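A quick write-up on the structure given underneath.
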Amino acid sequence: MIALPLPLISVIYVRFCDIGGSKMNSHYSLEISLRDILQAVNPTDDDWSKRFQVINDLQSVVLTVDILRGATVEPFGSFVSNLFTRWGDLDISIELPIRSYISTAGKKYKQTLLLDVLKALRSFGGFHGIKYISHARVPILKCDSNKGNISCDISINNLSGQMKSKLLFWINEIDVRFRDMVLIVKEWAKAHGINDPKTGTLNSYSLSLLIIFHFQTCEPAILPPLSEIYPGNMAADLIGVRATAEKNIEDICGVSINMIKSDRSRRINRSSLADLFISFLAKFCDISLRASTQGISPHNGQWEDIDTNMIWQPKTYALFIEDPFEQPVNCARSVGQRNLHKIAHAFQSSHEKLTSANQIHPLAVLVRPEVLSIISRSHHAGSVIHGMNQLGIHPHVHTNPVRAPTGPHLQTYNSNQYQNRNGGSQTHRGAHAPTQVQQRYTYQNSPNKRVNQRPLQGVQSTSTSQSQVEPESNNDMHKRNPNNGQSSQNLQVQQRWRVRSEK
């Protein structure tokens, strides 16, 4: 079990939680706990604004480097795919001004440019902890912003990273439970020390691919094999004129996703988040044994025998999770055999604790102490975990108040809540729904609603993915106008970034 302060253990080690005289079963308790986690880790408007400010600051730094005049600073990673938590890193690509063609700058040249950026960062100020990592597969510059202490990874001409991020964002349009699961699994993995590639465990991209694979192999499947969304090798197809290459990929993905969403013959998986999380843990309990002979292929949506897969040979990794957009790259190449056993143990022990008759409260298994402290201060968590709000626990990180969930109803899948078929509109937003800052940014990255606002040819435009929320009641319904909860400063920050992107 995760090491927690003794007062917390005494509170959360409960067999039953009593609300209004009724006892919650383990499934109900887990569902409520997952909602609490989403409330705690979901980025606020302020978290978005801070990252936009960091992007603007880095653009100012790049402008001071003579050799980079005309280069643009473009985010990618979890920020663009909308899979980042409040404490997530910011991935940045400095795109060189090579007219309209996709640059083929070599590794040595990128290393030289990053050294120039390093010097500019030190002169500019506003950043600390600057580290140059030259021998990585993709050379990067790491730094932390003084404003908000946001960690940044800076690379050069990482167009494939940008497109992978957009593809993950588009996948969420098929079923928004994908994003919820990614945020929850990231927190669970951090709590168990298996989400840090620097120590030989899984990176966040690999965790996202495991969730995609889980959704592909559920019964019925929630996601198709990714080859049905983009059949080719996306990274290899990024050649020639950038605008043309990007548009070709966007058009193919847009048509495929719209066909998947509008397919009324497709069976609907109505599993709740609790069901999906428990089955996710169960599916990979034996990952250390299975990885000795098989690899995970989200591109094909199935386990693949390593011996018969010619592009994976020779086997030199403890765990193989194929990058579906850049085959045959292994996203889990940092995982060694010892850490693979650690990862498998995290799956096994968590599954046992969450399904055991001797209930430990789910939050004791799912979150780090600092996130548990945040949850404990919310009104909703205080009603579930008795006395936790009275403990006076102080979180280890600075946070803003997080809005409580709309209601403690046990939720199962509802196709009107999760999937957006035939352009249905959303009526209200839940704990994880997009903010106005986010909506304006992600509009630019949608395959159906690009910056130039040209709809896909022959394809009906669809609205942004719908919110997954608690079942509605008169008291729980929260209707919002477009500017609700959105400060004018945040809108100005986003507008500046949007204009810069369009230019």
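The values are calculated or read from the model by the stated rules, or taken from the named source; none is laboratory data. Everything quoted here is computed from the prediction, not taken from an experiment. Cβ coordinates were reconstructed from backbone atoms using ideal geometry, including for glycine residues, and neighbour counts include every protein chain displayed. SASA here: full protein model, heavy atoms, side chains in, ligands and nucleic acids out. Shrake-Rupley method; radii C 1.70, N 1.55, O 1.52, S 1.80 Å.
Table for the structure above
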item	result
Selected residue [under 22 Å from the mean Cα position of the chain (by Cα), within 18 Å of LEU209 (Cα to Cα) and not in a helix (DSSP H, G or I)] from ALA346, ALA332	ALA332
Selection from segment 140-178 of residues that are open to solvent by 10 Å² or more (accessible area, probe 1.4 Å) and free of Cβ contacts under 8 Å to residues at least 40 places away in the same chain	ILE140, LYS142, ASP144, ASN146, ASN149
Output for segment 99-118, where each listed residue is without any contact (Cβ under 8 Å) to a residue 12 or more places away in the chain and exposed (fewer than 13 other Cβ atoms within 10 Å of the Cβ)	ARG99, THR104, GLY106, LYS108
All positions within segment 203-243 that are of a type outside the set (A, V, I, L, M, F, W, C), farther than 25 Å from ILE343 by Cα, outside any helix (DSSP H, G or I) and touching a residue at least 60 places away in the same chain (Cβ under 8 Å)	PRO224, TYR230, ASN233, GLY240
Meets criteria (at pLDDT 90 or above and either open to solvent by 30 Å² or more (accessible area, probe 1.4 Å) or in contact with a strand residue (DSSP E or B) (Cβ under 8 Å, 6 or more places away or on another chain) (or both)) for ASP286	yes
Subset tally (residues that are of a type outside the set (A, V, I, L, M) and either more than 19 Å from the chain's Cα centre (by Cα) or open to solvent by 30 Å² or more (accessible area, probe 1.4 Å) (or both)) for segment 273-283	3
Residues that are open to solvent by less than 10 Å² (accessible area, probe 1.4 Å) and either among the polar types (S, T, N, Q) or part of a helix (DSSP H, G or I) (or both), drawn from segment 349-363	SER350, LEU363
Among the residues listed as ILE130, ILE156, ILE140, the single one being among the β-branched types (Val, Ile, Thr) and farther than 16 Å from VAL54 by Cβ	ILE156
